Structure formats: C-alpha cells, structure tokens
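Trainee: To start, I am sharing the structure in question, which I have written as structure tokens.
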Amino acid sequence: MRLLSRTLAFIGVVQLVLGVVLLVPGLFARLIGLPDAPRWVDWQFAMAGARFLGFGAGMFVAAGDPARHRGWIRAMIGIQAIDWIATIAYLHGGAVTITQVSTAAFLPLVFIVVLARLAPRSDRRTFDDEAPV
C-alpha cells in the first residue's frame with residue numbers, strides 16, 4: 001500500500017506542476033519548444049490547468065486512503081490511458097517530437113500498470129447489500 005500511496009502522491013505532484021504551467025499564458029509552448037499558439041489557446045489551457053490542479057489534489061486525497069478513494073484512482077487510470085493514446089497519435093502524426101513529449105510517451109503506461117496492479121479492489125458489495133434490513 002505504501003508504493004500505491006507514493007505513486008498517487010507523485011502523480012499528484014505531476015498534475016499540480018502541469019496545472020501551474022498551463023495557467024501561465026504561453027509557458028507550456030516555450031518550455032517544450034513549440035511555436036506560440038493563438039491567444040485563445042491560453043483560455044483552454046487555463047481551464048485544463050484548473051482540472052490538472054483538481055486531479056492533483058484528488059491524487060493526494062487518494063494517497064491518504066486509497067481504499068476509500070478508488071474512484072479517484074480509476075479516473076486517473078482512464079486519464080492516463082487517454083493521455084498516452086493522444087501523445088502517441090500526435091507523435092505518430094508528426095505534430096510533436098519525442099523530445100517535446102518527453103516522459104508523456106511512457107510515463108502514463110507506468111502509472112496505469114502501477115495503479116491497476118496496486119489499487120484496492122472493490123469489496124464486491126452490491127447496492128442491495130447496503131440497503132437497510
């Protein structure tokens with residue numbers, strides 16, 4: 001459980017850093033060597049940055065009690081899968097280079113494997129099991 005909690009906290013840090021980077025207009029493009037985007041992109045990045053911050057906070061909540069917060073863990077597995085698929089698609093399409101995507105080419109897969117392997121399983125109770133008797 002310690003490895004899971006540490007992994008969740010590490011993912012939380014990554015999410016928070018990305019959130020802050022996306023909130024600063026133009027910073028993301030400058031950091032990875034992309035040309036300036038139209039100004040309206042900063043609006044979308046700001047909204048995405050807010051969500052990164054929210055999921056970063058959620059990872060810290062989940063790290064404190066993974067069994068209680070399985071929903072955060074499952075959501076992050078889904079996010080990492082979408083991140084990886086998008087990264088590979090844009091990489092394959094030539095929109096970005098391997099240097100620009102950096103760890104996004106493999107880190108989501110690491111997160112998926114660790115989270116899926118170590119996440120607490122459901123106690124398998126059904127809704128009916130929780131109904132008053």
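We did not get these values from a lab; they are worked out from the coordinates using the rules stated. The structure displayed is predicted, hence computed values, not measured ones. Methodologically, a virtual Cβ is constructed for each residue, glycine included, from the backbone with ideal geometry; neighbour enumeration extends over all protein chains shown.
Trainee: Checking the conditions here, which among ALA81, ALA89, ALA95 is assigned to a helix (DSSP H, G or I), touching a helix residue (DSSP H, G or I) at 6+ places or on another chain (Cβ under 9 Å) and of a type in the set (Gly, Ala, Ser)? Quick ask: steps written out before the conclusion?
Mentor: On the way: ALA89 fails: touching a helix residue (DSSP H, G or I) at 6+ places or on another chain (Cβ under 9 Å); ALA95 fails: assigned to a helix (DSSP H, G or I).
So the residue among ALA81, ALA89, ALA95 that is assigned to a helix (DSSP H, G or I), touching a helix residue (DSSP H, G or I) at 6+ places or on another chain (Cβ under 9 Å) and of a type in the set (Gly, Ala, Ser) is ALA81.
Trainee: Yes or no: region 24-43 includes at least one residue that is assigned to a helix (DSSP H, G or I), over 27 Å from SER122 (Cβ atoms) and either among the β-branched types (Val, Ile, Thr) or touching a residue at least 24 places away in the same chain (Cβ under 8 Å) (or both).
Mentor: yes
Trainee: Another one. Can we say PHE52 is closer than 17 Å to MET1 by Cα and among the aromatic types (Phe, Trp, Tyr)?
Mentor: No; evaluated as a whole, the condition is false for this residue.
Trainee: So ALA67 passes all but one of these: (1) free of Cβ contacts under 8 Å to residues at least 60 places away in the same chain; (2) over 17 Å from ARG6 (Cβ atoms); (3) in a loop (DSSP other than H, G, I, E, B). Which condition number does it fail?
Mentor: It is condition (2) that ALA67 fails.
Trainee: Confirm whether LEU53 is within 30 Å of ARG121 (Cα to Cα), touching a residue at least 24 places away in the same chain (Cβ under 8 Å) and among the hydrophobic types (A, V, I, L, M, F, W, C).
Mentor: Working: within 30 Å of ARG121 (Cα to Cα): yes; touching a residue at least 24 places away in the same chain (Cβ under 8 Å): yes; among the hydrophobic types (A, V, I, L, M, F, W, C): yes.
For LEU53, the condition - within 30 Å of ARG121 (Cα to Cα), touching a residue at least 24 places away in the same chain (Cβ under 8 Å) and among the hydrophobic types (A, V, I, L, M, F, W, C) - is met.
Trainee: Does VAL14 satisfy being under 22 Å from VAL114 (Cβ atoms) and within 11 Å of the chain's Cα centre (by Cα)?
Mentor: Yes; evaluated as a whole, the condition is true for this residue.
Trainee: Out of the residues in region 23-59 meeting the condition of being of a type in the set (A, V, I, L, M) and under 17 Å from PRO108 (Cβ atoms), tell me which one is farthest from the chain's Cα centre (by Cα).
Mentor: ILE32
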